[in-house]
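J.: The structure is given below, and queries will be raised subsequently.
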Amino acid sequence: MFGSLLAGTILAVGHDQFYRYLDGRFVVGGDGLDHGRVSPVPQEWVIRIGTAFAFLVKTLLVVAACIAYSQRMWYNLNTSEFRVRHIDSLTSVLVNIFSFWNLRLWGHVPVLALIGLAVWALAIVAVVTPGTLTVIPTLASNETLLRVPQLSYNVSRYAQNQLTSGNYAFTEASGDVRRVAFASATSGSILPIPHPFVNMTYTLSFPGPAIQCGPANDTVVAALTKTLPRFSGTGGSVLYLSWVGDTAITAPFLFPATWNISTWGPEQPPRGTLDSISDDAAKLFVMSGQGPRPATTRAGDRDYNPFSNVTCCTLHNATYTTRFTFDQAVGQRIEMLDLRLDALLPVLDQPASSVDGIQPAEGEHMAFQAVMDAVGKLLVGSEHGRTPTTSSTVGTSFKLSSVRWESFEETQRDLEELFRNATLSMFASRALTLDEAESAPVPVTVISYPPSYRYAPKGLLITYGTGVLVTLLATLIGTHAIWLNGGKSYSTKFSTFIRIVRGKELDEVVGDHDRGWNPLPKKVGDARLALHRGSSGSNVNVILLQENLKDSERRLVIEGQREV
C-alpha cells in the first residue's frame, strides 16, 4: 500500500516539475525568437508524457486504495454476517460501480463504502491534470537583422531617357514611378510595403526627394493676374490651374498670347510637367480656389484682383528618417521621425553620353526629378467653368488626389504630404527597390505571437493533493484493518477464497450441479454466511445460518460446529 502511495506521490511531483519546465516555453521555434525558450520536446510528446504521468499516478493511487479496501473488507467479513449476494457486492464493487446500488448494505459498512467510492473518484486525477498545461499565443519581441525594402535610385528604373545630341537625356518619369505616384495620390496614403513578418518595426534613414510649398511670389501672381482675363468671360472663370516653366511658358511664367486654356495650348500645347528653365530648383505652380474676380477700374479697363491661393512648390534633396511599423491588427504605420531639407534641386537634363557614364549622384538626382515629374503629370492642367460642378478639366488628374484646395495653408500641407507619400510608396514597388541580396541588413524588432505553454499549477496540485490525501487515509484505514485482523493481510485473489470459504454446509446449499454461471440462484444468494476464526487462531471456517431460525437461536459454535 505505502509503496504504491509513495511511487504515485513521486510521479505526481515529477508531473508538476515537467510542466513547470515547459511553462512559458515556445511550442516551436521560428525566426526572431529566443531559441533558448523553445521547448526541446515536440508537442505531441508533451501530450503523451503528460498523459502517461496522469495515468501512472492514478493507477498507483488506485492500487494503494484497492489494497486498503481489501484489508477492510476482510475485516468486515470476519466480524459480521452477510448474505452471499451482499458478499458479491463487496467483492465486485471495485470493478462494477453498480454494486453500490444496495444502499442498505453500504449503510452497514460506511468506511468500506467510502474507500470504494474513493477508488472510483481517483479516475478524476487522470482527467483533470493533463488539462493544466495549455497552449496560448504569447507576445514575443525580439530584435534581429533582416533585409527590408530599400530604394535603389537606379536611373534606368526611375526615368525614361533618350540620346539627344550625343548625350543621354532625361525624358520623363518611368511607368513604375508614375504608377506608384498616381496610386498613392488616389488612395491618399502610402502604398502597402512588403514585410516578411506580420508584426515588425524598423527605422531607416535614407536620401530622397521632397518639396517645400509656399505662396508664389508677387511677380508670378501679378503676371498670372494679367494673363488670365482672356480665359474668362462668358465661358466662366479658371477654377484650377497648375503649370511648370518650360520653353513655352517662360519666366516669370507668362503664358503665350496664342495659348488657349480650353485646349491647353495653341497647336502644340505646352504640357510640360517638369520645370526645365529654373536654374535654382524645379518648381511646380498651382492656382486653386475661387479664381479671378472681374472689376471695373477708374479708367474703365477691366482688372483682376490678386489670387488668394497661388502656391509654388520647389524640389529639394532631403534626408528622411522614418519608422516603419507593421501590425496585423491595425495595419501599416509610417512615422516621419525627421525630414531634413537639403539642397535645392534643379533639373539635370543631359548628364552623360550613356547610362554607364552616369555617376551615382547624378542617377540619384535624376530619380528625384522623376518623382517630381510624376507628381507634375498628376497636377498640371486646368479646370475652367462657372462652378466646379459644371466645369471641364484639361490635361490634369488633380481631382484624383485628396488635397484640400479651398484653404491656402491646407493646400500647401497636403501637396507636401502628397509628394512624401509618393516618395515613400516607392518602397512598395519591387522595380524601384534594391534586390534583396543587394540591400544591407537593418535591425528589425519582430513582434510575434508564437504559441507557448502555459501551466496552471493550482489545478494540478489541488487534484493530485486531494488524490494523495484520500489514498493516504484509505491506506491508514487498511493498515488498521491488518492490525485488527491479527497482523495478517488478505487479498481478493481466487486462492484466498478457496482457503477461507470451506464447509459442507456450502456444498449442501450450492448443490452438485451448480457451475457458477449467471444469474445467481436465489437460494444461494439468500444464504447468510459468517466467517469465524477458531480459538487456536489457525483456521477460519464457514458457518451457514439458516433463515428459519430466530436470532436468539443462532449461535456460532467454536471450531465450526453448529447447534440447532
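J.: Sort out which residues of the stretch 61-92 are under 19 Å from A474 (Cβ atoms), in contact (Cβ under 8 Å) with a residue 40 or more places away in the chain and among the hydrophobic types (A, V, I, L, M, F, W, C), and write them in order of number.
T.: L61, V62, V63, A64, A65, C66, I67, A68, M73, W74, L77
J.: Taking the options L94, L60, L56, L11, name whichever one is open to solvent by 20 Å² or more (accessible area, probe 1.4 Å), over 30 Å from N142 (Cα atoms), part of a loop (DSSP other than H, G, I, E, B) and touching a helix residue (DSSP H, G or I) at 6+ places or on another chain (Cβ under 8 Å).
T.: Answer to the selection: L94.
J.: In the list T134, T129, which residue meets the criterion of being touching a His at 6+ places or on another chain (Cβ under 7 Å) and within 30 Å of G465 (Cβ to Cβ)?
T.: Result of the check over T134, T129: T129.
J.: Restricting the search to the stretch 97-115, which residues are farther than 23 Å from L472 by Cα and crowded, with 18+ Cβ neighbours inside 10 Å?
T.: Those that are farther than 23 Å from L472 by Cα and crowded, with 18+ Cβ neighbours inside 10 Å: S99, L105.
J.: Could I ask something else about it? Within the stretch 35-53, which residues are part of a helix (DSSP H, G or I), open to solvent by 10 Å² or more (accessible area, probe 1.4 Å) and either touching a Gly at 6+ places or on another chain (Cβ under 9 Å) or touching a residue at least 12 places away in the same chain (Cβ under 8 Å) (or both)?
T.: H35, R37, Q43, I47, I49, T51, F53
J.: If you take the residues of the stretch 428-448 that are more than 25 Å from the chain's Cα centre (by Cα) and under 30 Å from V403 (Cβ atoms), which of them is surrounded by the fewest Cβ atoms within 10 Å (Cβ to Cβ)?
T.: If we take residues in the stretch 428-448 being more than 25 Å from the chain's Cα centre (by Cα) and under 30 Å from V403 (Cβ atoms), then R430 is surrounded by the fewest Cβ atoms within 10 Å (Cβ to Cβ).
J.: Another question about this same structure. Conditions: (1) surrounded by fewer than 20 Cβ atoms within 10 Å (Cβ to Cβ); (2) modelled with pLDDT of 90 or more. T390 meets all but one. Number of the miss?
T.: It fails just one condition, (2).
J.: I'm told Q17 meets every condition in (1) over 28 Å from the mean Cα position of the chain (by Cα); (2) touching a residue at least 12 places away in the same chain (Cβ under 8 Å); (3) over 20 Å from L94 (Cα atoms) except one. Can you identify the failing condition by its number?
T.: With (1) over 28 Å from the mean Cα position of the chain (by Cα); (2) touching a residue at least 12 places away in the same chain (Cβ under 8 Å); (3) over 20 Å from L94 (Cα atoms) applied to Q17, the lone miss is (2).
J.: Take D88 and tell me if it is closer than 20 Å to G116 by Cβ and either in contact with a His (Cβ under 9 Å, 6 or more places away or on another chain) or not hydroxyl-bearing (S, T, Y) (or both).
T.: Considered against the rule, which asks whether it is closer than 20 Å to G116 by Cβ and either in contact with a His (Cβ under 9 Å, 6 or more places away or on another chain) or not hydroxyl-bearing (S, T, Y) (or both), D88 comes out as yes.
J.: Identify, by number, the condition in (1) within 30 Å of L139 (Cα to Cα); (2) buried (at least 17 other Cβ atoms within 10 Å of the Cβ); (3) modelled with pLDDT of 90 or more that A118 doesn't meet.
T.: Looking at each condition in turn, A118 falls short on (1).
J.: Give the residues of the stretch 405-417 that are open to solvent by 20 Å² or more (accessible area, probe 1.4 Å) and either out of contact with any Lys or Arg (no Cβ under 6 Å at 6 or more places or on another chain) or touching a residue at least 60 places away in the same chain (Cβ under 8 Å) (or both), sorted by residue number.
T.: Listed by number, the residues that qualify are W405, E406, S407, F408, E409, Q412, R413, E416, E417.
The values are calculated or read from the model by the stated rules, or taken from the named source; none is laboratory data. Small disclaimer: the values here were computed from a predicted structure and weren't measured. For neighbour counting, all protein chains shown are included, and Cβ atoms are generated from backbone atoms with ideal geometry for every residue, glycine included. Just the protein is used for accessible areas: all its heavy atoms, side chains included, with ligands, DNA and RNA removed. Shrake-Rupley method; radii C 1.70, N 1.55, O 1.52, S 1.80 Å.
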